[in-house]
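Asks: Can you read through this structure? Questions will come right after.
The values are calculated or read from the model by the stated rules, or taken from the named source; none is laboratory data. Please read all numbers here as calculations on a predicted model, not as lab measurements. With ideal geometry, Cβ positions are generated from the backbone for all residues, glycine too; neighbour counts draw on all protein chains shown.
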Amino acid sequence: MAAMSAIVDVLRRDDPDGYVDDVVRRSGTSFFWAMRLLPGDKRRAMFAIYAFCREVDDIADEGGDAESKQAALQRWRTEIAHLFDGDPRHAVTRALAGPVRAFGLARQDFEAIIDGMTMDAAHRVRIADMAELELYCDRVACAVGRLCNRVFGLEDPTGTDLARNLGQALQLTNILRDLDEDAERERLYLPLTLLEDADVATHGGTAFILTQPGIDTVCRRLAAVAARRFDEAEQVLSGCDRRRVRPAIVMKEVYQRVLQRLLDRGWRTRGPRIAVPRWQKLWIGLRHGIF
């Protein structure tokens, strides 16, 4: 363990690009190879953005009390301030320094992602209404999209519109897929107003709430919102240079398949976590010239 810590310390000090490379590779993300085939400067930027997201997401998801998580996330706020003051200290922010200058990455988007992780790091997550759910999606997904679209070279309002529509669609799909996994951490992202409209009792633990018949109705309502956002994202993508946005196209097509599988199965009874087979991901990537 001591030897591993020493290796990590060296990577943080001397090789920030190597450090973020390792974070992405170890994450097992399905889009590792898609990102690897981007041009060098864009690939390094995407790896650094992904590594930042992984670092703060791990804080929210790891064990421990809410206060410790909030303190750790506050340290990342300080580190982002150092980054934009020209004095990054962590390997990830050092790897981000070049992309921030080259692509005009916005400080508020990094801070929004930390805000989203702060919501996740609470002792228990409850979402009041659709407005709060949209705010959550903006922080944990759309802000990431805005950073990525800067790297892809999309000008506003195109980049912002794509980030809003695709980010919300992806995050809603994640929420609908991960109900039981989130319940283990006492997280419930289905808005309380929708639950009450469907006669779902919202007292008690998340696992109990998810046993009620009205859950299927609520989930289908959110699935319809996700489907509309995918359609709106496709309208934006249709006006883009497809070569610039191939990673976004691949993510959209993969997650649309996840959403359709969820709709086919429904939420009255939930089984194993739904995923798109690797061969389908490969086929999608080949079709869009990723591999």
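Asks: Within the bounds of segment 84-92, is there any residue that is under 19 Å from R139 (Cα atoms), at pLDDT 95 or above, among the β-branched types (V, I, T) and part of a helix (DSSP H, G or I)?
Replies: Checked against the condition, which is being under 19 Å from R139 (Cα atoms), at pLDDT 95 or above, among the β-branched types (V, I, T) and part of a helix (DSSP H, G or I), segment 84-92 yields no hits at all.
Asks: Of a type in the set (K, R), at negative phi and part of a helix (DSSP H, G or I), is that true of R228? Outline the logic, then answer.
Replies: On the way: of a type in the set (K, R): yes; at negative phi: yes; part of a helix (DSSP H, G or I): yes.
In short, yes.
Asks: Might you check whether a residue that is aromatic (F, W, Y) and surrounded by 19 or more Cβ atoms within 10 Å (Cβ to Cβ) occurs anywhere in segment 211-230? Can you show your working first?
Replies: Taking segment 211-230 as the starting set, the residues that turn out to be aromatic (F, W, Y) are 230.
Now restrict to residues that are surrounded by 19 or more Cβ atoms within 10 Å (Cβ to Cβ): 230.
Yes, some residue in segment 211-230 is aromatic (F, W, Y) and surrounded by 19 or more Cβ atoms within 10 Å (Cβ to Cβ).
Asks: I've got another one for you. Given R94, R89, which one is among the charged types (D, E, K, R) and touching a residue at least 60 places away in the same chain (Cβ under 8 Å)?
Replies: Details: R89 fails: touching a residue at least 60 places away in the same chain (Cβ under 8 Å).
Selected residue: R94, the only one of R94, R89 that is among the charged types (D, E, K, R) and touching a residue at least 60 places away in the same chain (Cβ under 8 Å).
Asks: Among the residues of segment 97-119, how many are surrounded by 15 or more Cβ atoms within 10 Å (Cβ to Cβ) and out of contact with any helix residue (DSSP H, G or I) (no Cβ under 9 Å at 6 or more places or on another chain)? Before the answer, list the steps.
Replies: Within segment 97-119, the subset surrounded by 15 or more Cβ atoms within 10 Å (Cβ to Cβ) is 97-100, 103, 105-106, 109-119.
Filter once more, keeping what is out of contact with any helix residue (DSSP H, G or I) (no Cβ under 9 Å at 6 or more places or on another chain): none.
Counting residues in segment 97-119 that are surrounded by 15 or more Cβ atoms within 10 Å (Cβ to Cβ) and out of contact with any helix residue (DSSP H, G or I) (no Cβ under 9 Å at 6 or more places or on another chain) gives 0.
Asks: From the list A97, A102, A60, A72, exactly one residue is in a helix (DSSP H, G or I) and in contact with a Ser or Thr (Cβ under 9 Å, 6 or more places away or on another chain). Which is it?
Replies: On the way: A97 fails: in contact with a Ser or Thr (Cβ under 9 Å, 6 or more places away or on another chain); A102 fails: in contact with a Ser or Thr (Cβ under 9 Å, 6 or more places away or on another chain); A72 fails: in contact with a Ser or Thr (Cβ under 9 Å, 6 or more places away or on another chain).
Result of the check over A97, A102, A60, A72: A60.
Asks: I'd like to check something: does segment 25-39 contain any residue that is at pLDDT 85 or above and either crowded, with 20+ Cβ neighbours inside 10 Å or farther than 30 Å from R185 by Cα (or both)?
Replies: Taking every residue of segment 25-39 in turn, none turns out to be at pLDDT 85 or above and either crowded, with 20+ Cβ neighbours inside 10 Å or farther than 30 Å from R185 by Cα (or both).
Asks: Within segment 180-189, is there a residue that is modelled with pLDDT of 95 or more, part of a loop (DSSP other than H, G, I, E, B) and surrounded by 18 or more Cβ atoms within 10 Å (Cβ to Cβ)?
Replies: Within segment 180-189 (the criterion being modelled with pLDDT of 95 or more, part of a loop (DSSP other than H, G, I, E, B) and surrounded by 18 or more Cβ atoms within 10 Å (Cβ to Cβ)), the answer is yes, since at least one residue qualifies.
Asks: Still on this model: Restricting the search to segment 190-200, which residues are of a type in the set (A, V, I, L, M) and surrounded by 19 or more Cβ atoms within 10 Å (Cβ to Cβ)? So that I can check it myself, show each step before the final result.
Replies: The initial filter retains those residues of segment 190-200 that are of a type in the set (A, V, I, L, M), namely 190, 192, 194-195, 198, 200.
Listed by number, the residues that qualify are L190, L194, L195, V200.
Asks: Any residue at all in segment 136-148 that is closer than 18 Å to W267 by Cβ and of a type outside the set (S, T, N, Q)? It would help to see each step written out before you state the result.
Replies: Taking segment 136-148 and keeping what is closer than 18 Å to W267 by Cβ, we get none.
No: zero hits.
Asks: Here's something else I'd like to know. Please find, within segment 238-291, the residue that is modelled with the lowest pLDDT out of those that are among the aromatic types (F, W, Y) and closer than 23 Å to N149 by Cβ.
Replies: Once the filter is applied, the top-ranked residue is F291.
Asks: Then there's this: Filter segment 120-169 for residues that are surrounded by fewer than 18 Cβ atoms within 10 Å (Cβ to Cβ), part of a helix (DSSP H, G or I) and touching a Lys or Arg at 6+ places or on another chain (Cβ under 7 Å) and give the result.
Replies: T160
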